[in-house]
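Everything on this sheet refers to the single structure shown next.
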Amino acid sequence: MTTLLYTHEACLAHDPGPHHPESPARLKSVLDALAQPAFAKLTRREAPPATLEQIALIHPGDFAQRLLAAVPQQGYAAIDADTVLSPRSGDAALRAVGACIAAVDAVVAGAAQNAFCAVRPPGHHAEPRHAMGFCLFNNVAIAAVHARRVHGIARVAVIDFDVHHGNGTQAAFERDADLFYASTHQMPLYPGTGAPTERGVGNIVNVPLRPMSGSEEFRKAFANIILPALAGFRPELVIISAGFDAHRDDPLAQLMLVEADYAWCTERLVEIAGKHASGRIVSSLEGGYDLDALAASAAAHVAALMAA
Ligand SMILES: [Zn+2]
């Protein structure tokens with residue numbers, strides 16, 4: 001079985017402005033790393049655009065139409081101080097969601113064991129009614145609900161090791177016992193959510209980590225709390241919010257992870273997916289703002305998916 005790699009040129013063209021950390025260079029560094037000979041066996045696919053009906057699985061009413069209408073013909077349009085649109089942002093956002101949906105379709109159909117979506121904008125901060133934190137649509141949450149709606153997958157888990165809490169995914173999932181969300185994240189840090197007391201209907205697991213926590217604290221959080229809870233949920237599909245900004249070289253946070261931690265964590269998720277989900281994993285890029293650390297970490301993550 002193979003690992004699929006989804007991306008699209010539009011995801012390189014989304015431009016939140018000069019000096020913005022969520023730069024096109026991020027995705028270029030990931031794609032350059034995955035162009036190395038070690039990744040020759042990846043099956044590469046172009047991400048299709050999501051439909052408005054698919055976006056509406058999470059974002060209600062005319063949310064998608066209003067966001068797309070705000071995309072400027074030229075220059076920039078700011079949703080908030082962090083979240084900025086450029087002329088190709090609408091296309092990029094639709095392709096980022098479309099990548100995750102196509103990856104779910106392919107993995108559920110058995111066309112591949114797992115998939116990595118090298119996309120931007122990221123998605124985990126996007127709440128059902130609120131784009132924020134560099135995120136426009138919640139790529140992974142939409143893919144999770146799509147898996148259930150279209151493929152009848154009974155239980156879908158999202159595991160989020162981005163250094164920031166995925167407030168948007170939590171908001172989308174917290175009243176639905178057949179969806180599971182678990183996150184390690186630095187606290188205190190943007191967006192401020194993610195306390196252990198935020199438990200949804202028993203389907204949310206938050207493990208905040210103090211600044212300067214490193215490999216040991218991260219691995220303990222997974223081994224002692226998140227992985228047992230995930231196994232207890234018995235996911236039929238595992239989706240990963242793969243942000244790499246907990247790396248020690250990242251400029252936006254102060255956790256001290258290294259590439260090997262991402263490989264270790266991915267291997268553990270592969271084990272649980274193998275036991276409960278026929279190995280089905282869809283991973284999507286979230287944050288990661290040091291270009292070299294991002295490239296090396298994403299490569300370690302994808303290599304672990306390929307070894308599944
Ligand atoms: Zn992040």
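The values are calculated or read from the model by the stated rules, or taken from the named source; none is laboratory data. Computed from a predicted structure; not experimentally measured. Because the Cβ atoms are built from the backbone with ideal geometry, glycine has one as well, and the counts that use them run over all protein chains shown. Only protein heavy atoms, including side chains, enter the accessible area calculation; ligands, DNA and RNA are left aside. Shrake-Rupley method; radii C 1.70, N 1.55, O 1.52, S 1.80 Å.
In a residue-by-residue description of the range 227-237, the property of being within 16 Å of the ligand (Cβ to nearest atom) and either under 29 Å from Ala177 (Cα atoms) or surrounded by 24 or more Cβ atoms within 10 Å (Cβ to Cβ) (or both) applies to no position.
So, Ile240, is that one within 16 Å of the ligand (Cβ to nearest atom) and β-branched (Val, Ile, Thr) or not? For Ile240, the condition - within 16 Å of the ligand (Cβ to nearest atom) and β-branched (Val, Ile, Thr) - is met. Of all positions in the range 96-118, at least one carries a residue that is in a loop (DSSP other than H, G, I, E, B), within 16 Å of Asp160 (Cα to Cα) and open to solvent by less than 10 Å² (accessible area, probe 1.4 Å). Among the residues of the range 182-191, those identified as open to solvent by less than 50 Å² (accessible area, probe 1.4 Å) and either farther than 14 Å from Ala157 by Cβ or in contact with a Leu (Cβ under 7 Å, 6 or more places away or on another chain) (or both) are Ala182, Thr184, His185, Gln186, Leu189, Pro191. For Ala221, the test of being touching a residue at least 40 places away in the same chain (Cβ under 8 Å) and small (Gly, Ala, Ser) is failed.
Residue-wise test of (1) under 18 Å from the mean Cα position of the chain (by Cα); (2) within 16 Å of the ligand (Cβ to nearest atom).
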position: Ala112; (1), (2): no, no
position: Val119; (1), (2): yes, yes
position: Cys135; (1), (2): yes, yes
position: Leu179; (1), (2): yes, no
position: Gly194; (1), (2): yes, yes
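Determine if the range 256-269 includes at least one residue that is open to solvent by 10 Å² or more (accessible area, probe 1.4 Å), of a type in the set (Gly, Ala, Ser) and more than 20 Å from the chain's Cα centre (by Cα). No, that holds for no residue. Of the set (1) hydroxyl-bearing (Ser, Thr, Tyr); (2) within 17 Å of the chain's Cα centre (by Cα); (3) more than 13 Å from the ligand (Cβ to nearest atom), all apply to Ser278 but (2). Comparison of Asp162, Asp82 shows that the only residue that is within 16 Å of the ligand (Cβ to nearest atom), assigned to a loop (DSSP other than H, G, I, E, B) and farther than 23 Å from Cys265 by Cα is Asp82. Comparison of Asp292, Asp245 shows that the only residue that is surrounded by fewer than 17 Cβ atoms within 10 Å (Cβ to Cβ) and closer than 18 Å to Leu27 by Cβ is Asp292.
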